[in-house]
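Student: First, the structure itself, so that you have it in front of you.
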Amino acid sequence: MNNKATTGARGEAIATEYLRQNGYLICNRNWRSGHYEIDIVATKLGITHIIEVRTRKAGSLLSPEKSISATKAESIRKAAAAYLRQMRIEGEVEFDLIAIDMFPDGSYDVRMINDIVQSGW
């Protein structure tokens, strides 16, 4: 696995543990269908959460929050629609972002932005 893939995999593991510690039930990780992909699908209090995980080395030019292009946001929306159809899920859905900064000493900072659609997706 290359360094970027290793960082991404570690970020998703950190995000999964963060979600579990905060009362989310993990339904799927790395769900794929065709060219669609969702990092994490979780539920909490009857709401389905479609979660994008963005992990960056601390000090990167672009923060995790700013690293999602309009094209990526559209891809996430299409993937979510495919997932919801395939799993026959109805009800409230939120698109969330977990942003992780990784520091050279192995520590990290995790931020969850709920309902990111309101912030520009």
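Student: Less than 12 Å Cβ to Cβ from Glu37, Lys/Arg counted +1 and Asp/Glu -1: what total charge do the surrounding residues give?
Tutor: +1
Student: Work through the residues other than Gly11 whose Cβ is under 10 Å from its Cβ and net out their charges, Lys, Arg +1 and Asp, Glu -1.
Tutor: Neighbourhood net charge equals 0.
Student: Order these by the 10 Å Cβ neighbour count, fewest first: Phe95, Phe103.
Tutor: The most exposed by this proxy come first: Phe103, Phe95.
Student: Normalising by the residue count of segment 26-69, find the relative contact order in percent from Cα pairs under 8 Å and 6+ residues apart. Let's see the in-between values first.
Tutor: Details: 50 pairs, mean separation 10.7, N = 44.
The normalised contact order for segment 26-69 reaches 24 percent.
Student: Let me ask something else. Considering only DSSP beta bridges with both partners in the chain, what is the antiparallel share in %, to the nearest 5?
Tutor: 65
Student: Rounding to the nearest 10 and keeping the result within 0 to 90°, find how far the Cα-based axis of helix 3-21 lies from the longest principal axis of the chain.
Tutor: Tilt relative to the chain: about 60 degrees.
Student: If neighbour count is taken as other Cβ atoms inside 10 Å, put Ser69, Ser60 in order from fewest to most.
Tutor: Ser69, Ser60
Student: Normalised by the number of residues in the chain, what is the relative contact order in percent for Cα pairs under 8 Å and 6+ residues apart?
Tutor: Answer for the chain is 23 percent.
Student: Here is a follow-up. If one takes the longest principal axis of the Cα atoms in the chain, at what angle in degrees, from 0 to 90 and to the nearest 10, does the Cα axis of helix 70-87 lie?
Tutor: 40
Student: Just in segment 53-121: which GluC sites (Glu not before Pro) are loop by DSSP and have at most 14 other Cβ atoms within 10 Å?
Tutor: Taking segment 53-121 and a limit of 14 other Cβ atoms within 10 Å, the loop GluC sites (Glu not before Pro) found are Glu90, Glu92.
Student: Give the label of the value calculated from the structure for volume of the Cα convex hull per residue in Å³, choosing from [x] 118; [y] 108; [z] 201.
Tutor: Checked against the structure: label [y].
Student: In whole percent, what relative contact order does segment 65-121 give with Cα contacts below 8 Å and a gap of six or more residues? Mind dumping the intermediate values first?
Tutor: On the way: 42 pairs, mean separation 18.1, N = 57.
Relative contact order, segment 65-121: 32 percent.
Every number here is computed from the coordinates shown, using simple stated rules; none is lab data. None of these values were measured; they are calculated from a predicted model. Don't worry about glycine lacking a Cβ; one is built from the backbone with ideal geometry, like all the others, and counts go over all protein chains shown.
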